[in-house]
Amino acid sequence: MNNFSDMLSKAKKMQDKMKEVQENLKKIEVVGVSGGDLVKVTLNGDYEMKSIVIDQNAKKEKEEIIIDLIIAAYNDAKEKLKRKTSEELSKAAGVSNLPFDFKLPF
């Protein structure tokens, strides 16, 4: 019965550690860029957009081009965030090469 108690204790510690990691992941911020830095989009670890910076030169373009630049910058930030999240999860779990689209079970 003692082994079962030890196993439960270890599982609880692992769950607490993963919750801590999830909270830390929310604090991550990444910047996606497009158009040679004409547009920059900042996302946090919850994929919330924190800011958009549009260079004055981009504002001279047609609306459709500006929209495309914003979308491209967002997609760049999203991919960077996926990679960063995967790296942080790998460090926390003590394993390497977790896929960057890995989802936590809780």
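Of the GluC sites (Glu not before Pro) found in the range 29-68, those in coil by DSSP whose Cβ has at most 12 other Cβ atoms within 10 Å are E48. For the range 4-19, backbone phi angles converted through the Karplus equation (6.51, -1.76, 1.60; θ = phi - 60°) give residue-by-residue couplings of 5, 5, 4, 5, 5, 4, 5, 5, 5, 4, 5, 5, 4, 4, 5, 5 Hz, Gly and Pro being listed as x.
Listed by chain and number, the lysines placed with their C-alpha closer than 21 angstrom to that of K78 are K26, K27, K40, K50, K91, K103; residues fewer than eight positions away on the same chain are left out. Evaluated at q = 0.13 Å⁻¹, a Debye calculation over the C-alpha positions of the range 1-55 (equal weights, vacuum) places log10 I(q)/I(0) at -0.52. For the chain, the longest principal axis of the alpha carbon atoms and the long axis of helix 63-93 meet at an angle near 20°.
Ranked by the mean number of other Cβ atoms within 10 Å per residue, highest first, peptides 79-89, 9-19, 49-59, 32-42 order as 32-42, 79-89, 49-59, 9-19.
For the range 31-81, the mean projected area of the C-alpha convex hull, equal to one quarter of the hull surface, is 3.0 nm².
Note on the chain: semi-axes of the ellipsoid equivalent to its C-alpha gyration tensor, largest first and rounded to whole Å, are 40, 11, 9.
No value in this document is a laboratory result; all are computed from the given coordinates. This one's a predicted model, so the numbers in the text were calculated from it and none came from an experiment. Counting neighbours? That spans all protein chains shown, and the Cβs are built from the backbone with ideal geometry, glycine included.
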